[in-house]
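Notes follow once the structure below has been shown.
The values are calculated or read from the model by the stated rules, or taken from the named source; none is laboratory data. Worth saying up front: this structure is predicted, and the values here are computed from it rather than measured. Virtual Cβ from ideal backbone geometry, glycine too; neighbours counted across all protein chains shown. These area figures cover heavy atoms from the full protein model, side chains too; ligands, DNA and RNA do not enter into them. Shrake-Rupley method; radii C 1.70, N 1.55, O 1.52, S 1.80 Å.
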Amino acid sequence: MKLETIAIHAGNKIETGSRAVIQPITLSTTYERGADGDYPGGFIYTRADNPNRKSLENVLAQLERGADACAFSSGNAAGNAVFQSLKAGSHIIAPEDMYHGLKNQLKEIYAQTLEIDFVDCTDTEKIRSAIKSNTRLIWIETPSNPLLKITDIAEVVTLAKKNNIIVACDNTFASPVFQNPLVLGCDIVMHSSTKYIGGHSDVCGGALICKELNPFWEKVRNVQTLGGAIPSPFDCFLTVRGIKTLPYRMRGHEENAMKIALFLEDHPAVEKVYYPGLISHPQHKIAKNQMNGFGGIISFLVNGTDQAALKVVNKVKLFTQATSLGGVESLIEHRASIEGPETKTPQNLIRASIGLENSDDLIADLNQALQ
Ligand SMILES: *Cc1c(COP(=O)(O)O)cnc(C)c1O
């Protein structure tokens, strides 16, 4: 089936007894056994599985064209499940420009058990030269947060396959609508469903989707059920509800973002715009090749220092100054402040999550803030 159809139908119909059209929220933590001690309803205990999580995992697996999905209570919990499934002493290659929360997870929680190298993943040669005999995982994030760098997924997959290395891709910025890394050969896709997948800034969640069932995936599933970082039935319900409009929302985000990126690129107060849809983006061709759309996140440098950037984010009226992204409302933030003093993100960088308001209103707001 095509994406729009999957988004609307694949998250329903786990329990058909009541003939409810929409998968109801099942809050029960436990499920009754049959006379012979089995579980005729297919569920045992809510941490292991429940109808709402199953409906969410069904739709996620289908959207990414994968074999199975695991839903988590956050994007970070999803990333954690991959890292925790590696043997102690394994070497990981991860991007230099990586979502800071996951980068800090690697640096602070895994520094003693895993070997980690952060490399510029826009250059496959740099990944090649970072490979060691104990490299088990290449983690990529494309487009990356916050610099919108693009990694050539197929090229990394070819390199990894030759060396028997797992490739996992953080696909949060692209969403399953604009990029399907499993189809390009990755083993695992990760999402922060807090962002586009949920889409309404009202539910925190994460997901992993696998290309095929294998022993590594069994470990991931074990980290989910035994580690217990699971989303609640209500979280799953909200996420499935958000997914129904995901394909249409993504088109709207992209249409608005493209107009705003062009507006910013022409603005005299703007030094540089990072958006993979612009011809000026250094990996525009790769993005065009591996994506069906460029997404709704734009980063840009304003002329001047952090003070100039802070002035702009304080002056906008329609954009809300807040972290996060992927909701229907536009958000804007001075990225270096949230990433902390050690960040390499330029001090004059602003990241904007372009929402679904009318683009004329968004442009007018940015224009007055940039004066
Ligand atoms: C937000 C985000 C995460 C982390 O997800 P949470 O749901 O906040 O835990 C991971 N990767 C990217 C690219 C993100 O934007």
Efficiency of FRET from Cβ geometry, residue 38 and residue 323, R₀ 41 Å, rounded to 0.05 = 0.30
Per residue of the stretch 211-228, in order, report the coupling 6.51 cos²θ - 1.76 cosθ + 1.60 (Karplus, θ = phi - 60°) as ³J(HN,Hα) in whole Hz, putting x for Gly and Pro.
-> 6, 8, 6, 7, x, 5, 5, 4, 5, 4, 4, 5, 5, 5, 7, 8, x, x
For the stretch 213-275 versus the stretch 139-155, the gap between their alpha-carbon centres in whole angstrom | 14 Å
Pick out which of 43, 234, 118 has the largest mean-square fluctuation in a Gaussian network model of the chain, springs linking Cα atoms closer than 10 Å.
-> 43
In sequence order, calculated HN-Hα J values of the stretch 82-96 (Karplus, 6.51, -1.76, 1.60; Hz; x Gly/Pro) | 5, 5, 6, 7, 7, 5, 4, x, 5, 9, 10, 10, 10, x, 4
Where only protein heavy atoms count, and the probe is 1.4 Å, what is the accessible area per residue for the chain in Å²?
-> 43 Å²
Expressed as a whole percentage, what fraction of the accessible surface of the chain belongs to carbon and sulfur atoms when a 1.4 Å probe is rolled over the protein heavy atoms?
-> 52 percent
Choose one answer from 18, 299, 144: the residue with the largest mean-square fluctuation in a GNM of the chain with alpha-carbon springs under 10 Å.
-> 18
Here the stretch 26-38 yields Karplus 3J(HN,Hα) values (6.51, -1.76, 1.60; θ = phi - 60°; whole Hz; Gly and Pro given as x) of 10, 8, 3, 8, 9, 10, 6, 7, x, 4, 8, x, 8
From the cross-link list 272/317; 161/219; 2/288; 195/259; 219/244, which pairs have alpha carbons spaced over 28 Å apart?
-> 219/244
The chain: relative contact order as a whole-number percent, Cα under 8 Å and 6+ apart | 17 percent
Just from its helices, what would the mean residue ellipticity at 222 nm be for the chain, if runs of 4 or more DSSP H residues each count -39500 (n - 2.57) and the sum is divided by every residue, rounded to the nearest 500 deg cm²/dmol?
-> -10500 deg cm²/dmol
Between residue 302 and residues 5 or more places away or on another chain, the pairs with built amide H atoms under 5 Å apart involve 271, 350
Eligible aspartates and glutamates near residue 103 by straight Cα distance, threshold 18 Å, same-chain separation 8 or greater | 115, 117, 120, 141, 170, 339, 342
Take the Cα radius of gyration of the stretch 3-243 and divide it by 2.2 N^0.38 Å, with N its residue count; two decimals is plenty.
-> 1.03
Choose one answer from 253, 91, 191: the residue with the largest mean-square fluctuation in a GNM of the chain with alpha-carbon springs under 10 Å.
-> 91
Counting pairs of alpha carbon atoms under 8 Å apart in space and at least six apart in sequence, what relative contact order in percent does the stretch 257-371 give?
-> 27 percent
Please list, or write none, the aspartates and glutamates whose alpha carbon is within less than 16 Å of the alpha carbon of residue 311, excluding same-chain residues fewer than 8 places away.
-> 271, 333, 365
FRET efficiency for residue 18 and residue 305, using Cβ-Cβ distance with R0 set to 51 Å, rounded to 0.05 | 0.25
Under 5 Å between amide H atoms, partner at least 5 residues away or on a different chain: which partners does residue 316 have, H built in plane at 1.01 Å?
-> none
The answer for residue 329, listing residues at least 5 apart or on another chain whose modeled amide H is closer than 5 Å to its amide H, is 356
